[in-house]
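Q: Okay, handing you the structure first.
Each reported figure results from applying straightforward, stated rules to the coordinates on display, with no laboratory input. The model shown is predicted, which means the values in this text are computed figures rather than measured ones. Backbone-built Cβ (ideal geometry, glycine too); neighbour counts: all protein chains shown.
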Amino acid sequence: MKRSPLIILFILCFAVSSGIAQTKKDNYTGKKPKNIILLVGDGMGLSEVSAAIYYKKGVPNFERFSTIGLSKTSASSHLVTDSAAGATAFSTGKKSYNGAIGVDKDTLAIETIVEKLSRKGISTGLVATSSIVHATPASFFAHVKSRRLYDEIASFMPNSEVDFFAGGGLKYFNQREDGRDLIAELKAKDFEIHTDKLPTTLNGKKQAILLAEDGMPKMVDNRGDFLPKATALALKHLSKNKKGFFLMAEGSQIDWGGHSNDADYLISELLDFDETLAVALDFAKKNGETLVIVTADHETGGFTLATKGGDYNKLDPVFSTGGHSGTMVPVFAEGPGASLFGGIYENTAIYDKMMLLLNK
């Protein structure tokens with residue numbers, strides 16, 4: 001049975017009110033995770049989650065979470081954030097300006113969660129349905145003043161400590177204006193390179209998977225199950241490290257469907273993202289030491305589920321803008337430490353909570 005947005009809102013309010021005390025704690029004495037999976041639905045607000053629930057055949061994986069909170073998404077420069085500032089908040093715990101990739105408001109580099117954890121011997125991975133040098137994944141490994149400097153962003157990857165990455169963006173590695181061959185540089189840094197399809201087996205090397213010149217195809221254009229499969233592959237690879245891992249996987253094109261005001265595009269990407277939640281949750285349930293966090297950098301499109309022609313039994317997905325909105329976005333958490341993610345807080349607090357739980 002499908003749940004109405006009103007019921008979902010009630011659940012959110014209950015989770016928010018019950019989690020405030022936990023969120024305000026500076027210290028956490030419960031069980032802590034060894035691994036964290038951060039799943040980012042780019043542009044995914046509450047109405048987008050509601051759409052996934054309505055249009056999913058079967059029980060949506062969003063309903064498997066026991067803790068739900070709300071994140072305030074504004075950037076340091078604007079009330080309405082972009083993906084770069086939003087992801088930089090997740091990766092560094094600092095508010096920055098729209099367009100910032102791993103830098104503060106003065107364009108100075110800030111050490112990211114990937115860099116900090118890598119120094120401790122923890123494995124790290126990034127997966128996206130966009131180019132891997134797009135704003136969200138880029139903010140976890142690069143330090144650049146503008147999100148549009150794709151070649152410069154890509155140049156950080158060979159010397160980064162990322163152990164596994166998968167997405168699009170091949171042209172920024174092998175068709176560069178400066179003539180650098182970053183594929184060769186990745187190989188020299190012990191990466192195994194895949195540019196035609198997801199591998200079925202992996203060796204002990206670091207993994208670079210670039211399956212499109214720029215962004216990956218849309219779901220409506222037959223991308224298939226790249227995101228859930230790449231996430232599963234990353235988990236298989238990263239979980240070999242006994243010290244633990246951090247994985248960020250992004251449903252990048254939820255945002256693009258919102259910008260296009262294309263409901264079919266948006267909903268198909270949401271349902272693909274929901275399948276990826278299943279991969280993460282199933283792994284975490286079996287593993288027992290993994291925290292799964294699902295959230296968004298912002299909402300896109302001012303999306304809502306209106307009535308169709310005034311008929312309260314028919315939904316009409318509609319948009320109010322071609323850009324982003326300033327609404328709060330949901331945060332779902334399951335696993336050791338999940339109770340910290342109830343409440344209402346700034347997007348930077350997601351970083352703070354992750355670092356607290358990992359004792360780093």
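Q: What does DSSP give for the chain in terms of the percent of beta bridges that are antiparallel, rounded to the nearest 5? Please report the intermediate quantities before stating the final value.
A: Numbers: 17 of 52 bridges.
Percentage antiparallel, nearest 5: 35.
Q: Over all Cα pairs of the chain, how is the pair count split among 20 Å bins, expressed in % and running from 0 up to the last occupied bin?
A: Percent of pairs per bin, in order: 32, 60, 7, 0.
Q: From the backbone phi of segment 154-163, what are the Karplus-calculated ³J(HN,Hα) couplings (6.51 cos²θ - 1.76 cosθ + 1.60, θ = phi - 60°) in whole Hz, Gly and Pro given as x?
A: Those phi angles translate into 4, 5, 6, 5, x, 9, 7, 9, 5, 9 Hz.
Q: Can you show me the helix-derived [θ] at 222 nm for the chain, built from DSSP H runs with n ≥ 4 at -39,500 (n - 2.57) apiece and divided by the number of residues, rounded to the nearest 500. Kindly include the intermediate steps, with their values, before the conclusion.
A: Details: 12 runs with 121 residues, N = 360.
So the helix-based figure for the chain works out to -10000 deg cm²/dmol.
Q: Could you tell me which of the pairs LYS285/LYS353; LYS197/LYS240; LYS171/LYS314; LYS56/LYS286; LYS56/LYS171; LYS105/LYS242 are separated by over 32 angstrom between their Cα atoms in the structure shown? Walk me through the numbers on the way to the answer.
A: On the way: LYS285/LYS353 21 Å; LYS197/LYS240 22 Å; LYS171/LYS314 44 Å; LYS56/LYS286 24 Å; LYS56/LYS171 35 Å; LYS105/LYS242 37 Å.
Among LYS285/LYS353; LYS197/LYS240; LYS171/LYS314; LYS56/LYS286; LYS56/LYS171; LYS105/LYS242, the Cα-Cα distance tops 32 Å for LYS171/LYS314; LYS56/LYS171; LYS105/LYS242.
Q: Per q in 0.13, 0.17, 0.19 1/Å, what log10 I(q)/I(0) does a Debye calculation on the alpha-carbon atoms of segment 210-360 return?
A: -0.73, -1.13, -1.29
Q: With θ set to phi - 60°, apply the Karplus curve 6.51 cos²θ - 1.76 cosθ + 1.60 along segment 272-279 and write out the HN-Hα couplings as whole Hz, x wherever there is a Gly or Pro.
A: Those phi angles translate into 5, 5, 4, 5, 5, 4, 4, 4 Hz.
Q: Can you work out the FRET efficiency for the pair ALA184 and GLU63, with r the C-beta to C-beta distance and R0 = 35 Å, to the nearest 0.05? Show your work: numbers first, answer last.
A: Details: r = 46 Å, r/R0 = 1.32.
Rounded to the nearest 0.05, the efficiency is 0.15.
Q: Ok, one more. Using each residue's phi in segment 340-353, evaluate 6.51 cos²θ - 1.76 cosθ + 1.60 at θ = phi - 60° and report the 3J(HN,Hα) Karplus result to the nearest Hz, with x for Gly and Pro.
A: Whole-Hz 3J(HN,Hα) from phi for segment 340-353: 5, 9, x, x, 10, 7, 5, 4, 5, 5, 5, 4, 4, 5.
Q: Under 5 Å between amide H atoms, partner at least 5 residues away or on a different chain: which partners does THR129 have, H built in plane at 1.01 Å?
A: GLU250, SER252, GLN253
Q: Which value, in Å to one decimal place, does the Kirkwood hydrodynamic radius take for segment 53-124 when every pair of different Cα atoms is included? Write out the running numbers ahead of the final one.
A: Details: mean 1/r = 0.0698 Å⁻¹.
Taking every pair of different Cα atoms in segment 53-124, averaging 1/r and inverting gives 14.3 Å.
Q: With a Förster radius of 35 Å, plug the Cβ-Cβ distance of LYS286 and ASN174 into 1/(1 + (r/R0)^6) and report the FRET value to the nearest 0.05. Mind dumping the intermediate values first?
A: Details: r = 38 Å, r/R0 = 1.08.
Efficiency, from the Cβ-Cβ distance: 0.40.
Q: Quick one: which residues, 5+ away or cross-chain, put their amide H under 5 Å from the amide H of LYS308? H built at 1.01 Å from N.
A: LYS314, LEU315, ASP316
Q: Going by C-beta contacts inside 10 Å, put ASP196, ASP104, ASP274, ASP42 in order with the fewest on the left.
A: Working: ASP196 8, ASP104 17, ASP274 23, ASP42 28.
Taking fewest neighbouring Cβ atoms as first place, the list is ASP196, ASP104, ASP274, ASP42.
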